[in-house]
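Some notes on the structure that comes next.
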Amino acid sequence: MLENLKRRRRAVILAHNYQLPEVQDLADFVGDSLEMAFRAVDLDADVIVVAGVRFMAELVAAINPDRIVLHPEPSSGCPLADSVNVGLVSDFRSRFKGVPIVVYVNSPIEVKAAADYFVTSSSILRLVSKLNVESVVFGPDRNLADYISEKLNVNVIPLSPESHCPVHEYLLDEYYVLEALKLHPNAKLLVHPEVPRSVRKLAHFVGSTSGMIRAIGDLEGDEFLLGTEEGLTHRARKLYEGKHIFPVNYRAICVDMKKITPRKIIHCLENLKFKVTLDREIISKAREVIFSSLELLE
Ligand code: 13P
Ligand code: SF4
């Protein structure tokens, strides 16, 4: 049924690494937030269904402005992304004149459009070091702001000092990691940089969700603990059948990610419902920030 519907609509389905296993299994592509947006560019399709949270659907729409982009559950947001707005960026721009404003992929598209640079968890350190500046404004995630301060000789002015991901900050803190390491003392620990510094210090690898997937292939050993949302374990186990892969915490669940179900995907495709519509000017400004940031990394 879904295959027929996809053919009729000339549609593809993109899923984030944290989606429910059944959603990952029906998708044409599974990846991290940046990969999803750019993978769609090469796919021959008129309609793109984004199984991810709202900022991911917006990013796909901004990178693929001539396609219809559907978000099967419009209430699937990200509390971290939604903790910042354009007013805050303008305020920081006038308070810290000349200091570059760098925003994390987990932010609304309007905030990306108002910033100077855009980063993901895999590009953050490379981009900030390329800027060659004494200070940067960075937001919204406070653990990523701390990651820059820890690794680079840069003064980080947090855009939103309280912003964090509740899954990574509370359900993947040192307590859960040490408990998991007691159960799997020989495992390699891979973590997302949204976790607190005390957890990053224990890790063998720090990176984006797809970076963690690649690291399982690159690191020695056959036992791995994933310090991120539990959905990544499904993809990792499928790709590396012979390896023993466990989430640090089975209850590290992003409720917003899990709001998207196969039935909702079918419903939005059948009815072409829940289109992501963005202002043309916002798309054009956000694209400028995104593409110039990616060029800087080349
Ligand atoms: P990635 O960009 O690594 O896919 O992560 C997005 C996210 O929401 C992490 O919590
Ligand atoms: Fe947002 Fe955290 Fe969910 Fe990622 S895991 S989408 S940062 S709430």
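The values are calculated or read from the model by the stated rules, or taken from the named source; none is laboratory data. Just so we're clear, the structure is a prediction, and the values are computed from it rather than from any experiment. A quick note on method: Cβ atoms are made from the backbone with ideal geometry, for glycine too, and the neighbour counts reach across all protein chains shown. These area figures cover heavy atoms from the full protein model, side chains too; ligands, DNA and RNA do not enter into them. Shrake-Rupley method; radii C 1.70, N 1.55, O 1.52, S 1.80 Å.
Taking one quarter of the surface of the C-alpha convex hull of segment 1-147 gives a mean projected area of 9.6 nm². Ellipsoid semi-axes for the chain, based on the Cα gyration tensor and the rule √(5λ), read 28, 27, 16 Å when sorted largest first.
Where Rh is the Kirkwood radius over the Cα pairs of segment 217-276, the temperature 25 °C and the viscosity 0.890 mPa s, what D in µm²/s does Stokes-Einstein return? Reported coefficient: 178 µm²/s. Peptides 102-108, 39-45, ordered by how many other C-beta atoms sit within 10 Å of their residues on average, highest first, read 102-108, 39-45. Annotation: per residue accessible area for the chain equals 44 Å², rounded to a whole number [probe 1.4 Å, protein chains only]. Can you give the translational diffusion coefficient of segment 162-291 in µm²/s, computed by Stokes-Einstein from the Kirkwood radius over Cα pairs at 10 °C and 1.306 mPa s? The diffusion coefficient I find is 95 µm²/s. Each 5 Å bin from zero up to the one holding the largest Cα-Cα distance in segment 108-154 carries the following percent of pairs: 5, 19, 36, 27, 11, 3. For segment 1-84, the alpha-carbon radius of gyration amounts to 1.03 times the rule-of-thumb value 2.2 N^0.38 Å expected for a compact globular protein. In the chain, Cα pairs under 8 Å separated by at least six residues give a relative contact order of 22 percent. Projecting the alpha carbon convex hull of segment 52-128 along each direction and taking the average yields 5.8 nm². Structural descriptor for segment 1-140: relative contact order 18 percent, calculated from alpha carbon pairs under 8 angstrom and at least 6 residues apart. Packing-based ranking of 4-10, 172-178, 140-146 yields 140-146, 172-178, 4-10, ordered from highest to lowest mean Cβ neighbour count within 10 Å. Peptides 266-275, 285-294, 230-239 ranked from most to least packed give 230-239, 285-294, 266-275, packing being the mean of other C-beta atoms within 10 angstrom over each peptide's residues.
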